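The values are calculated or read from the model by the stated rules, or taken from the named source; none is laboratory data. No experiment lies behind these values; they were computed from the predicted model shown. Positions of Cβ are backbone-derived with ideal geometry, glycine not excepted, and every protein chain shown enters the neighbour counts.
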Amino acid sequence: MSLLERVFYFHRKVLAKTYPNSRTVAREFEVSVATAKRDINYLRDRLLAPLFWDSRLNGYYYGEEGFSLPFENSPRIVFLLAMLNKLAEEAGLKKLPEVGLLENRLATILSPDYETLIDSLHCEWIEIESIDHQIFSSIIEAVVRKKIICLEYRSSKGKISSRNVAPHQIINYQGRWYLRAFCSLREDTRLFHIGRINSAELTEDSVPPETDEPDQLSQSFGIFKGKPRYLAKILFTSTAAELVRNQYWHKDQRMLTVEEGVELQLPVSDDREIVMKILQYGAMARPLSPPELVKRVQNEIDAMVKLYLTDEES
């Protein structure tokens, strides 16, 4: 148990007017009396608790009303910690043992409002993927320890390959988890979709210094990364304009108010995802430039129309 947990426990005992002492902490947490005394001194000297000793009752009490520990009575802090719990759940990490341990500890050391807020807070992401938590734990360890990891990886077409990679970053994008790593097989930095990793085995080989720039991840829109090929300009009208107006798609985006609605400009490296986003808004979104993006969207719409034509219509 940590110092923080012991201090909060002692604080609650003092508030309850049970007149705890160092042996109270020592018995509860199975630590030495000397450690318990240091905890009490920390509460008094560092956290400025108004602790006083009652020799008759052989315990401590607060000489001032209304004393509280940092975070204890802050609704905003309680809310943020509850959000962390919910985000872990929605990001597919709820089954990690560390998440459950953290939740139990928070419920112990924070005010009772924490458990109430957890039940009152709802977060919902769509298209969340289930991931193998043992694989995810191995990846976390590899990133933290800076060790090479051996992956068995399944491509989008189902092809299985084995490769050693030097991990650099764990990325969550739109509810999906990715590993950014240097691949020895391809001799290049790649994004590995963690949901398609069949196995991950940690090695004792250290990760060499990174040679590419991590900032490449933020240079262009979407998960398909790389240097921007063009500046996409998209016109949004009607309801879509009102929705997109306050949305953040990329750090270098420009949002211009025009007569028809809003024009969104942003750098694009690979147009697969931007095409899907444009089609999502139907007739309320239209690419203006570059011509290759306009043509790509037109081709996709034409292919979709053919799917719904009857034999007589075709």
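Below are the figures for this structure:
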| item | result |
| --- | --- |
| Extreme residue, farthest from I140 (Cα to Cα), among residues of the stretch 158-194 that are surrounded by 13 or more Cβ atoms within 10 Å (Cβ to Cβ) and β-branched (V, I, T) | T189 |
| Meets criteria (basic (K, R), within 26 Å of S218 (Cα to Cα) and either assigned by TED's automatic domain parsing to the domain that holds K95 or in contact with a Leu (Cβ under 7 Å, 6 or more places away or on another chain) (or both)) for R186 | no |
| Count of the stretch 120-145 residues which are loosely packed, with under 14 Cβ neighbours inside 10 Å, in contact with a strand residue (DSSP E or B) (Cβ under 9 Å, 6 or more places away or on another chain) and not in a helix (DSSP H, G or I) | 2 |
| Given (1) on the phi < 0 side of the Ramachandran plot; (2) outside the structural domain of R272 (by TED's automatic domain parsing), number of the condition L231 does not satisfy | (2) |
| Options E89, E115: the member that is assigned to a helix (DSSP H, G or I) and modelled with pLDDT of 70 or more | E89 |
| Count of residues meeting criterion [assigned to a loop (DSSP other than H, G, I, E, B) and within 19 Å of E64 (Cβ to Cβ)] in the stretch 21-53 | 5 |
| Filter result for T239 (of a type outside the set (D, E, K, R), surrounded by fewer than 12 Cβ atoms within 10 Å (Cβ to Cβ), touching a residue at least 24 places away in the same chain (Cβ under 8 Å) and outside the structural domain of S137 (by TED's automatic domain parsing)) | yes |
